[in-house]
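The values are calculated or read from the model by the stated rules, or taken from the named source; none is laboratory data. Everything quoted here is computed from the prediction, not taken from an experiment. Heads up, the Cβs are rebuilt from the backbone with ideal geometry, glycines too, and the neighbour counts pull from every protein chain shown. Side chains included, ligands, DNA and RNA excluded: accessible areas come from the protein's heavy atoms. Shrake-Rupley method; radii C 1.70, N 1.55, O 1.52, S 1.80 Å.
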Amino acid sequence: MFGDEAVTSRIRGTTEAAFGTVWTCTLLLTSCLPYVSKPHRNHLLSNIFMSRPQTFGSKGYFFSKRGISMAVEQKFREHGCLPDVVDVAPTDLAEVSYDSGVKCELGNVLTPTQVQNQPTVTWSTEPGAKYTVAMTDPDAPSRQNPIRREIKHWLVVDIPGCDVAKGTVLAPYRGSGPPQGTGLHRYIFLVYKQSSDVKFNEPVLGPSRDGRANWKVQDFAAKHGLGKPVAGNFYQAEYDDYVPILHSK
């Protein structure tokens, strides 16, 4: 049996030779990945499927979308986002980038310092559609004792396409502030496509922590008929020296 690096190299070479084809996706998803250890498998999935679908040739578009959907679901299950937050995983990947230079990559570990400012979020859109973006923490005050599940970190509705700046802010962005000693928290981004006649009768929050605890993004989506999330992503973070600064605001 090949070592991890050899298998990874062979799969990557095959992918580059037949980028976006049915055969490549089938090989990756059903044949080779079981023989790669978990860390290398996760890295490979990220490398292959984290590109925007538009970068694939038209012949491979359907299969790249399918591959992305499978990778997102795998990571949501692996980290317990499904079923802790949603009962159906997003079908596409939302790209989340911070001005500190880091990106959200389906469970990678970032720091509160790196994610203190509102990120740029993009996803595949339909012409004329409006969307809702939510960011939630199900691990409050800790994953072992989530009695304040969930914390509403960000909520924007009525977004035309993925132009978040033109949406209506119901809860302004508030970065990660996990208490000291509570380990890693999951910070989950979910995008929902709105129906044409949805009305949001929700309180508008300020930048402080007030009013953000003990909400459920899935209940919010059900209340407003948003259906299942069409895109998502998440990272993990634990306490660092920026957290007291955030909590003082």
Carbon/sulfur accessible area of region 59-188, % of total, 1.4 Å probe, equals 51 percent
If I model a spin label at D197 and D158 as a point 7 Å from the Cα along the Cα→Cβ vector, what separation in nanometres do I get? 1.8 nm
Once Lys and Arg get +1 and Asp and Glu get -1 on their Cβ, which of G128, G183, A222 lies farthest toward the positive end of the dipole of region 108-249? A222
Greater than 29 Å separation of Cα atoms is the criterion. Which listed pairs, K199/K228; K193/K249; K103/K223; K228/K249; K75/K249; K130/K216, meet it? K193/K249; K103/K223; K228/K249; K75/K249
Alpha-carbon Debye profile of region 109-249, log10 I(q)/I(0) at 0.09, 0.15, 0.22 Å⁻¹: -0.26, -0.72, -1.43
Cβ charges +1 (Lys, Arg) and -1 (Asp, Glu), total dipole of region 95-249, debye: 400 debye
Taking alpha-carbon centroids only, region 81-138 lies from region 205-226 a number of Å equal to 16 Å
Theoretical gain in end-to-end length, A213 to T182 [0.36 nm per residue, Cα-Cα removed]: 9.5 nm
Please work out the average accessible area per residue across region 98-152, using the 1.4 Å probe convention, and give it in Å². 46 Å²
If I model region 138-178 as equal point scatterers sitting on the Cα atoms and use the Debye formula, what is log10 I(q)/I(0) at q = 0.32, 0.33 Å⁻¹? -1.01, -1.05
With a 1.4 Å probe and all protein chains left in place, how much accessible area per residue does region 157-210 have, in Å²? 47 Å²
FRET efficiency (D87, H247; Cβ distance; R0 45 Å; to 0.05) is 0.90
Restricting attention to the alpha-carbon atoms of region 150-224, what are Rg (one decimal) and Dmax (integer), both in Å? 13.4, 45
